Amino acid sequence: MTFPPLNEQMDAIRRGTVDLINEEDLAKKIERARAKSKPLIAKLGADPSTPDLHIGHGVVLRKLRTFQDLGHQATLIIGDFTAMIGDPSGRQKTRPMLTAEQVKTNGETYVEQVSRILDRNSLKIEYNSTWLNAMTFTDVVKLAASYTVSQ
């Protein structure tokens, strides 16, 4: 795969961006991708706890489209597992638990919505239940033990 030169990619990524955190590391990753002819993977995770994405997702989706246009891989991670358990994700209030059918329906609407911005033919879609369903309680406890309550 042939990618545009580094300066063209960085200019496209900077366009419309207020803060680009660790620009130097990104440039190194782009150079490595060009050298290996292997695209970067840019991801967005969204829990389908409601049927609609919000306007703020549009900003991230437009930037993911930039990565797609540059030849990189955009991946949408649908948090179907976490949506069913009502994961609070640092919020003050836990989101309500949803049924598997509600989560599936909401996830399908997310794919439809992101496809208005992203190239659906090259978009990779992953579900976090793929790896989280495989976890045992022991795995969960070990993971939880690696964080403090304040974290």
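Using the structure shown, list the pairs from Lys36/Lys63; Lys29/Lys63; Lys63/Lys104; Lys28/Lys124; Lys43/Lys124 with a Cα-Cα distance above 19 Å, or answer none. Listed pairs above 19 Å: Lys36/Lys63; Lys63/Lys104; Lys28/Lys124. In loop segments of the range 97-151 as defined by DSSP, the chymotrypsin sites (Phe, Trp or Tyr not before Pro) with at most 13 further C-beta atoms inside 10 Å of their C-beta are Tyr147. The label-point distance for Asn22 and Thr75, in a model that sets each label 7 Å from Cα toward Cβ, rounds to 1.6 nm. According to the calculation over all Cα-Cα pairs in the range 9-60, the P(r) per 10 Å bin from zero is 18, 42, 27, 12, 0 %.
When the solvent-accessible area of the range 1-115 is split by element, carbon and sulfur atoms take up 55 percent of it, the probe being 1.4 Å. Taken per residue, the accessible surface of the range 50-151 reaches 66 Å², heavy atoms only and a 1.4 Å probe. Fraction of C-alpha pairs exceeding 19 angstrom in the range 1-112: 54 percent, rounded to a whole number. Exposed loop positions in the chain were taken to be trypsin sites (Lys or Arg not before Pro) whose DSSP state is not H, G, I, E or B and which have at most 16 other beta-carbon atoms within 10 angstrom. Between these positions, the longest stretch is 16-90. Rounded to 0.05, the FRET efficiency of the Arg14 and Thr50 pair, given R0 = 41 Å and the Cβ-Cβ distance, is 0.80. Per residue, the chain reaches -14000 deg cm²/dmol at 222 nm when only DSSP H runs of four or more residues are counted, each adding -39500 (n - 2.57). Under the criterion of Cα pairs below 8 Å and six or more residues apart, the relative contact order for the chain equals 25 percent.
The values are calculated or read from the model by the stated rules, or taken from the named source; none is laboratory data. Since the model is a prediction, treat every value here as computed from it, not as a measurement. When we count neighbours, we look across all protein chains shown, and the Cβ atoms used for this are built from the backbone with ideal geometry, even at glycine. Accessible surface areas use protein heavy atoms only, side chains included; no ligands, DNA or RNA. Shrake-Rupley method; radii C 1.70, N 1.55, O 1.52, S 1.80 Å.
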